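> One structure, pasted below without further comment.
The values are calculated or read from the model by the stated rules, or taken from the named source; none is laboratory data. It should be emphasised that the depicted structure is a prediction, and the values quoted were computed from it without experimental measurement. Cβ placement follows ideal geometry from the backbone for every residue including glycine, while neighbour counts extend to all protein chains displayed. These accessible areas exclude ligands, DNA and RNA; they are computed on the full protein's heavy atoms, side chains included. Shrake-Rupley method; radii C 1.70, N 1.55, O 1.52, S 1.80 Å.
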Amino acid sequence: MSEMYTHRPVLLDECIEALNIRPEGIYLDGTLGRAGHSREIARRLSGSGKLICVDRDQAALDAAQERLGEWMDRVTLVHSNFDRVSEILDELGIAGVDGMLFDLGVSSPQLDDGSRGFSYMADAPLDMRMDRSEGLTAADVVNTWSQEELRRILFQYGEERYAPLIAAAIVRRREERPIETTLELVDIIKGAMPARALKEKQHPAKRSFQAIRIAVNDELSSVDRMLQGAVPKLNKGGRLAVITFHSLEDRIVKTGLGEFAKGCICPPDFPVCVCGRTPDVKLVNKKPILPSPQEIEENPRARSAKLRVAEKLK
Ligand SMILES: C[S@@+](CC[C@H](N)C(=O)[O-])C[C@H]1O[C@@H](n2cnc3c(N)ncnc32)[C@H](O)[C@@H]1O
């Protein structure tokens, strides 16, 4: 069996249940990737049912034809950032959808294709762009951003405690010659860390690579803009399901959905409500849904996944 059929998407059953799919409904998968979730949505649709699949990586769309082959009659592929979800639906003439799924982060094909520069295990030009038609690469970030900016992203996006040492080492090295490849960067990161840090279980470059990838793809702002665009486009009763893989993303989703779930915002000492505000969504689960121990054993990448689900109320 080929890898595309054996691959099990993260929290698959939980997502399908969360989306409450109606065969005639309209759904949007904002992170097509290798179409694992999309296949399961598409095969549940019939009649006027539609699935819009979005990815900012053209490679994901190119592979979708084969992956979604038998259901392509009900699928529309869109090459775009999901932060344009509202505009994408407007451009397709769709006023509202019944469910949306966003499975954030990088896909396995992006990580496994050494030439994309996402992996600290394979030597490649420092790229890390999910959308290769965009301008900013990882090489631009490490060779042109100030030491202070590098320290900030390593610390904020990678939660890397050696951020100041690594940022200083990057700047020292690039004064000699530009840093061009992933393994060159791994060497610089390792060289900047104290010996005891190199003995930790996690790869020493993991946090820095995550930080640079988030910066290159402007990932956190995209998630925030996506929430603002997505919620107003859900039909009443429609569900929004978001899978995150690290605490920074999860915080944005939790806070963003929490805002939409808020009702009255009058000060607590007001005797009656004057704001008239009612919640846009209800949170389907108070706590995020986590993968089962069995899923984590079968797919270690699922370990840090968290699924949050909201339902549109009006
Ligand atoms: C974790 S993978 C999705 C895997 C997919 N659910 C599956 O089952 O195969 C994330 C995908 O989302 C895409 N992506 C990440 N951020 C994006 C954004 N802001 N806009 C559009 N696509 C994005 C990536 O290019 C990648 O293909």
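> Go through region 267-307 and give me each residue that's open to solvent by 90 Å² or more (accessible area, probe 1.4 Å) and of a type in the set (Lys, Arg).
Across region 267-307, the qualifying residues are Lys282, Lys286, Lys287, Arg303.
> Here are some residues: Leu32, Leu28. Which one is within 15 Å of the ligand (Cβ to nearest atom), aliphatic (A, V, I, L, M) and in a strand (DSSP E or B)? Spell out how you get there, then give the answer.
Numbers: Leu32 fails: in a strand (DSSP E or B).
Only one candidate passes the filter, namely Leu28.
> Right, here's the next one. State the number of residues belonging to region 7-25 that are touching a residue at least 40 places away in the same chain (Cβ under 8 Å), part of a loop (DSSP other than H, G, I, E, B) and away from the ligand (no atom under 13 Å from the Cβ).
Initially, region 7-25 is screened for residues touching a residue at least 40 places away in the same chain (Cβ under 8 Å), giving 7-11, 14-15, 18-22, 25.
Add one more test, that the residue is part of a loop (DSSP other than H, G, I, E, B), and what stays is 7-11, 20-22, 25.
Narrowing the set further to residues that are away from the ligand (no atom under 13 Å from the Cβ) leaves 20-22, 25.
Residues in region 7-25 being touching a residue at least 40 places away in the same chain (Cβ under 8 Å), part of a loop (DSSP other than H, G, I, E, B) and away from the ligand (no atom under 13 Å from the Cβ): 4 in total.
> Can you give me the number of residues within region 37-95 that are in a helix (DSSP H, G or I) and basic (Lys, Arg)?
Number of matching residues: 4.
> Need the failing condition index for Arg116 against (1) surrounded by fewer than 21 Cβ atoms within 10 Å (Cβ to Cβ); (2) basic (Lys, Arg); (3) under 30 Å from Ala167 (Cβ atoms), just the number.
(1)
> Next question, about the same structure. If we scan region 223-232, do we find a residue that is within 30 Å of Glu17 (Cβ to Cβ) and away from the ligand (no atom under 16 Å from the Cβ)?
At the first step, the residues of region 223-232 found to be within 30 Å of Glu17 (Cβ to Cβ) are 223-232.
So of that shortlist, the ones also away from the ligand (no atom under 16 Å from the Cβ) come out as 231-232.
Within region 223-232, one or more residues are within 30 Å of Glu17 (Cβ to Cβ) and away from the ligand (no atom under 16 Å from the Cβ).
> Which residue out of Tyr162, Tyr157 is open to solvent by less than 60 Å² (accessible area, probe 1.4 Å), away from the ligand (no atom under 16 Å from the Cβ) and touching a residue at least 24 places away in the same chain (Cβ under 8 Å)? I'd like the intermediate steps shown before the answer.
Values: Tyr157 fails: away from the ligand (no atom under 16 Å from the Cβ).
It is Tyr162.
> Which residue out of Ser48, Ser38, Ser80, Ser86 is small (Gly, Ala, Ser), under 20 Å from the mean Cα position of the chain (by Cα) and open to solvent by 20 Å² or more (accessible area, probe 1.4 Å)?
On the way: Ser48 fails: under 20 Å from the mean Cα position of the chain (by Cα); Ser38 fails: open to solvent by 20 Å² or more (accessible area, probe 1.4 Å); Ser80 fails: open to solvent by 20 Å² or more (accessible area, probe 1.4 Å).
Exactly one residue qualifies, and that residue is Ser86.
> Within region 260-287, can you find the residues that are assigned to a loop (DSSP other than H, G, I, E, B) and in contact (Cβ under 8 Å) with a residue 40 or more places away in the chain? Reasoning before the result, please.
Within region 260-287, the subset assigned to a loop (DSSP other than H, G, I, E, B) is 261-280, 284-287.
If the condition is that a residue be assigned to a loop (DSSP other than H, G, I, E, B) and in contact (Cβ under 8 Å) with a residue 40 or more places away in the chain, then Ala261, Asp280, Val284 are the ones that fit.
> Looking at Arg251, Arg239, Arg277, Arg308, which is the one that is under 19 Å from the mean Cα position of the chain (by Cα) and farther than 28 Å from Leu154 by Cβ? Walk me through it before giving the result.
Values: Arg251 fails: farther than 28 Å from Leu154 by Cβ; Arg277 fails: under 19 Å from the mean Cα position of the chain (by Cα); Arg308 fails: farther than 28 Å from Leu154 by Cβ.
The conditions single out Arg239.
> Within region 165-179, count every residue that is loosely packed, with under 15 Cβ neighbours inside 10 Å and in a loop (DSSP other than H, G, I, E, B).
Qualifying residue count, region 165-179: 2.
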